[in-house]
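Working notes, beginning with the structure itself.
Rule-based calculations on the coordinates, nothing more; no lab input. All values derive from a computational prediction rather than experimental measurement. Here the Cβ positions follow ideal geometry from the backbone for every residue, glycine too, while neighbour counts run over all protein chains shown.
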Amino acid sequence: MSRRIVSVLGGLAIVAVVVAVGLGPRLGFLIGDGEQAAPNGHAVPEGVASPEGGATIGGPFTLIDGTGETVTESSFPGQYLLVYFGYTYCPDVCPTSLETMRLALEQLDPALVAKVQPLFVTVDPERDRPADVAEYAGFFHPKLIGLTGTPEQVAAAAAAYQVYYARVEQPDSAMGYLLDHSAITYLMAPDGSLAAFFRHGDPPDAMAAGLRAVLEGRGSE
Ligand code: NI
């Protein structure tokens, strides 16, 4: 079993335990990758641009899906994009965020889910090759598409979304390094504007309500 799969299973086990004891919203504080976890993810420094701060989120990107096909912001015309940046070796935060996404989508009417294309974009393109992100995304939701690219392509996509990520060396770990990264889930309207966003730790019910409010309130055009 690959370390990546072990990571998923371990992360989900943590999610199950934490949800069972009612601590889901606090997960980000309890178990970060780095020395201390920030509310939005893994030790994201103060001052990083965020939607809370009014930063403009979104823009053009060019990435690669699991089949090696190029995917851009124009690849899903008429669709809302539900975008999350992370990495497949993430021990805790990413599995939690993606499990929350899955549970939220499960609560929605299929007609609303049909309006949404969920995307998982790795911030670890050196380890996460196309087949890796595809396999990882498939653990969480059948519609979730995993995307990677060259380090330059990933950096450009992350910059468009104001996503912070930074490598944290782990010399004593077989994994070699972890990544601190923003952990916000973005809902982009078909016109490319930010329609809503969800913080790490927002419960699935809150994400479902937020998605429903946007998806029921406007058409897909
Ligand atoms: Ni992560």
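The share of alpha-carbon pairs in the stretch 49-170 lying farther apart than 22 Å comes to 33%.
Based on Cα atoms of the stretch 121-221, Rg over Rh with Rh as the Kirkwood radius reads 1.01.
Rounded to 0.05, the FRET efficiency of the Leu194 and Glu126 pair, given R0 = 22 Å and the Cβ-Cβ distance, is 0.15.
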